[in-house]
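The values are calculated or read from the model by the stated rules, or taken from the named source; none is laboratory data. These numbers were taken from a predicted model, which means no experiment stands behind them. A quick note on method: Cβ atoms are made from the backbone with ideal geometry, for glycine too, and the neighbour counts reach across all protein chains shown. Each accessible area value is taken on the protein alone, full model and side chains, heavy atoms only, with ligands, DNA and RNA left out. Shrake-Rupley method; radii C 1.70, N 1.55, O 1.52, S 1.80 Å.
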Amino acid sequence: GELVSLTSHEFLALVCLAKKAGRVLSRDCIMDEVFGRQWSPFDRSIDVLVGKLRKKLGDDRARLIKTIRGAGYKFTPTNDA
């Protein structure tokens, strides 16, 4: 029940992940949804964005966004793997 201030890109990333909860989203998919452009292998903007989002969400809620090595990110609202 506590308010967290997010930038527009952080909010869009969270919405993108939450709408497809339980599914692994590639960095390319998230980049397209948030920035409207393709992701390149050397572009770390999605990783930085997710890191900032996790920090703002705090320890308990940050665990809801899982890193899937080599694939992307997955939102797990039940805190499952």
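Summary table
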{"quantity": "Residue check for ARG37: modelled with pLDDT under 95 and touching a Gly at 6+ places or on another chain (Cβ under 7 Å)", "calculated": "no"}
{"quantity": "Evaluation of THR67 against (1) touching a Ser or Thr at 6+ places or on another chain (Cβ under 9 Å); (2) part of a strand (DSSP E or B) (one fails), failing number", "calculated": "(1)"}
{"quantity": "Those residues of segment 1-14 which are open to solvent by 50 Å² or more (accessible area, probe 1.4 Å), among the aliphatic types (A, V, I, L, M) and within 11 Å of the chain's Cα centre (by Cα), in sequence order", "calculated": "LEU12"}
{"quantity": "Sole exception among (1) of a type in the set (Gly, Ala, Ser); (2) within 11 Å of the chain's Cα centre (by Cα); (3) outside any helix (DSSP H, G or I) for GLY51, by number", "calculated": "(3)"}
{"quantity": "Complete set of residues in segment 15-25 that are closer than 15 Å to ILE46 by Cβ and within 10 Å of the chain's Cα centre (by Cα)", "calculated": "VAL15, CYS16, LEU17, LEU25"}
{"quantity": "Any hit, segment 27-39, residues being in contact (Cβ under 8 Å) with a residue 12 or more places away in the chain, buried (at least 18 other Cβ atoms within 10 Å of the Cβ) and not in a helix (DSSP H, G or I)", "calculated": "yes"}
{"quantity": "Candidates GLY58, GLY22, GLY70, GLY51, filtered to the one that is at positive phi and open to solvent by less than 40 Å² (accessible area, probe 1.4 Å)", "calculated": "GLY58"}
